[in-house]
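The values are calculated or read from the model by the stated rules, or taken from the named source; none is laboratory data. Nothing here was measured: the structure is a model prediction, and the numbers come from that model. Virtual Cβ from ideal backbone geometry, glycine too; neighbours counted across all protein chains shown.
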Amino acid sequence: MKMVTGYAGWQEDELRREQARLQAEYEAYRSLNLKLDMSRGKPCPEQLQLSNEMLDILPSGEELRAENGTDCRNYGGLDGLPEAKRFFAEMLGVQSSEVIVQGNSSLNLMYDALARAMLFGVLGSEQPWSRLPSVKFLCPSPGYDRHFAICEQLNIEMITVDMTPEGPDMDAVERLVAEDDSIKGIWCVPKYSNPGGITYSDATVERLARMKTRAGDFRIFWDDAYTVHHLTSRHDELKNMLEACSNAGHPDRVFIFASTSKVTFPGSGVAALAASRDNLSHLKKQLSVQTIGPDKVNQLRHIRFLKDMEHLGRHMEKHAAIIKPKFDLVLSKLESGPGSKDIASWSKPSGGYFISLDTIDGCAREVVQRAAEAGVTLTPAGATYPYGRDPRDRNIRIAPTYPSLEELAQAIDILCVCVQLVSIDRILA
Ligand code: PLP
């Protein structure tokens with residue numbers, strides 16, 4: 001019996017036979033005219049259904065009063081409702097006075113925070129960032145494409161920093177921020193990161209909080225999007241960044257973002273920003289010109305539905321019960337496909353929304369293209385890097401949550417065939 005070993009150890013004639021077999025399999029998939037979209041990390045309809053009763057939770061025919069008596073139907077309350085502030089404070093491990101609760105999208109809060117920094121500067125800035133000859137951000141990669149898109153639009157130069165299993169390569173981060181005062185910030189998805197599923201180690205959090213930056217108004221954009229999105233009962237623990245910054249003597253260094261987008265309804269959730277009290281009062285002065293106040297009706301609905309951390313935890317377990325089998329399916333197919341041929345490696349996340357797949361160098365773009373030709377839309381190759389350029393052309397982000405198990409099985413089978421085919425092409429070239 002032939003031992004299954006990596007393609008690298010196969011004879012050329014064996015590889016050519018394998019190539020022909022895979023090509024036939026690929027053509028068979030192509031003839032099915034499939035249309036499978038795996039490009040974005042969205043909850044599936046069954047997940048959305050978990051929150052449907054939230055829509056019936058507010059009584060009609062009554063005033064909608066928050067716990068402090070605020071009539072949620074009317075203007076006001078720039079910070080968000082007290083009960084919503086308490087909820088997010090608990091979720092993020094900060095005080096209520098260190099959080100404001102806003103509208104439907106944390107990405108929107110991030111965009112606005114950065115746009116305001118460009119227009120006016122942040123607390124402690126000598127001038128608006130846009131007046132400087134150049135503004136740069138560190139971008140641990142692979143990372144979240146929409147963070148990079150914000151920088152690109154605001155003309156902020158992006159510097160790619162490698163991700164390690166503990167978070168960004170901190171030797172590189174510390175060196176860069178110490179030598180260049182135009183580096184004004186860093187993007188971080190610190191827990192169950194997008195796409196690598198990595199949770200930053202305590203040492204990484206400490207070093208980010210403590211490091212010496214040439215820019216006095218340096219900011220960490222701490223996008224804690226997946227903080228409650230566990231896939232198993234073993235939860236990753238993330239050290240408290242606001243506390244770490246404060247202990248390190250840099251209390252204003254971090255802006256923390258989170259939302260309920262993938263807890264309830266993406267696009268109709270509630271988002272929050274946590275930071276030092278000084279940061280928040282600076283920010284609220286600016287915000288008060290931008291808006292009279294957030295959607296308090298939606299905040300009230302969310303808090304009455306999600307209630308507290310215990311209820312939130314139970315709700316998230318229901319999400320995990322739906323999506324964990326999808327992650328498991330992808331992982332087992334990767335294992336028996338490209339894994340058995342030693343031509344790829346991938347993350348095995350215990351939370352979040354993605355699996356990050358690395359092919360052999362120089363293959364990702366072609367794999368994504370071949371998959372598209374067979375009816376499977378993946379996130380564009382390169383999207384997980386600044387300017388859409390993956391220097392090794394190897395990273396592919398897999399978003400398993402939205403498709404049904406049947407669709408997912410078919411899509412991953414096709415992806416696996418494409419990874420194997422393109423790898424053999426490279427090896428034989
Ligand atoms: N941050 C990360 C890391 C994400 O992956 C996503 C969505 O995929 C978002 C933010 C978007 O959050 P929101 O819906 O609150 O704007």
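Quick notes on this structure:
- Candidate set: segment 3-61, residues that are within 16 Å of the ligand (Cβ to nearest atom), surrounded by fewer than 16 Cβ atoms within 10 Å (Cβ to Cβ) and charged (D, E, K, R); chosen: the one modelled with the lowest pLDDT: Arg40
- Flag if Leu329 is out of contact with any Phe, Trp or Tyr (no Cβ under 9 Å at 6 or more places or on another chain), assigned to a helix (DSSP H, G or I) and closer than 18 Å to Pro43 by Cα: yes
- Selected residue (criterion: surrounded by the most Cβ atoms within 10 Å (Cβ to Cβ)) from residues of segment 285-295 that are over 26 Å from the mean Cα position of the chain (by Cα) and in contact (Cβ under 8 Å) with a residue 12 or more places away in the chain: Gly293
- Residue that is farthest from the chain's Cα centre (by Cα), among those in segment 102-122 that are away from the ligand (no atom under 12 Å from the Cβ) and within 27 Å of Lys296 (Cα to Cα): Val122
- Conditions (1) without any contact (Cβ under 8 Å) to a residue 40 or more places away in the chain; (2) touching a Phe, Trp or Tyr at 6+ places or on another chain (Cβ under 6 Å): number failed by Met163: (2)
- Counted residues, segment 372-402 - those being surrounded by fewer than 20 Cβ atoms within 10 Å (Cβ to Cβ) and either closer than 24 Å to Ser31 by Cα or in the same structural domain as Gly196 (by TED's automatic domain parsing) (or both): 5
Here is a yes/no grid of residues against (1) within 16 Å of the ligand (Cβ to nearest atom); (2) without any contact (Cβ under 8 Å) to a residue 40 or more places away in the chain; (3) part of a helix (DSSP H, G or I):
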site	(1), (2), (3)
Ala320	no, no, yes
Pro325	no, no, yes
Gly339	no, yes, yes
Ser356	yes, no, no
Val367	no, no, yes
Arg370	no, no, yes
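- A count restricted to segment 268-304 and to residues that are charged (D, E, K, R) and within 16 Å of the ligand (Cβ to nearest atom) stands at 1.
- Gly216 vs. criteria buried (at least 23 other Cβ atoms within 10 Å of the Cβ) and touching a residue at least 12 places away in the same chain (Cβ under 8 Å): no
- Filtering segment 334-353 to residues that are surrounded by fewer than 20 Cβ atoms within 10 Å (Cβ to Cβ) and under 28 Å from Tyr226 (Cα atoms) leaves Glu335, Gly339, Ser345, Lys348, Ser350.
- The residue list Gly167, Gly124 contains one member that is surrounded by fewer than 19 Cβ atoms within 10 Å (Cβ to Cβ), more than 16 Å from Asp295 (Cα to Cα) and small (Gly, Ala, Ser), which is Gly124.
- Test: residue in segment 135-149 that is assigned to a strand (DSSP E or B), within 21 Å of Ser356 (Cβ to Cβ) and of a type in the set (D, E, K, R): no
- Here Asp145 does not qualify as closer than 27 Å to Ser288 by Cα and under 27 Å from the mean Cα position of the chain (by Cα).
- Complete set of residues in segment 220-262 that are buried (at least 19 other Cβ atoms within 10 Å of the Cβ), more than 16 Å from the ligand (Cβ to nearest atom), within 30 Å of Lys348 (Cα to Cα) and in contact (Cβ under 8 Å) with a residue 60 or more places away in the chain: Leu242
- Test: residue in segment 188-198 that is more than 16 Å from the ligand (Cβ to nearest atom) and either assigned to a loop (DSSP other than H, G, I, E, B) or not small (Gly, Ala, Ser) (or both): no
- Being β-branched (Val, Ile, Thr), modelled with pLDDT of 95 or more and over 19 Å from Leu114 (Cα atoms) holds for only one residue in Thr213, Thr204, and it is Thr204.
- The condition (being in the same structural domain as His302 (by TED's automatic domain parsing), in contact with a strand residue (DSSP E or B) (Cβ under 7 Å, 6 or more places away or on another chain) and touching a residue at least 40 places away in the same chain (Cβ under 8 Å)) is satisfied by just one residue among Leu92, Leu78: Leu92.
- Contact map, segment 27-51: first residue within 30 Å of Ser268 (Cα to Cα), second residue part of a loop (DSSP other than H, G, I, E, B) and more than 14 Å from the ligand (Cβ to nearest atom), Cβ cut-off under 7 Å, separation 6 or more or different chains; pairs are Lys35/Gly375; Leu36/Gly375; Leu36/Pro403; Met38/Pro403.
- Selection status of Ile323, within 30 Å of Ala89 (Cβ to Cβ) and β-branched (Val, Ile, Thr): yes
- Filter pass, Phe265 being within 16 Å of the ligand (Cβ to nearest atom) and assigned by TED's automatic domain parsing to the domain that holds Ser404: no
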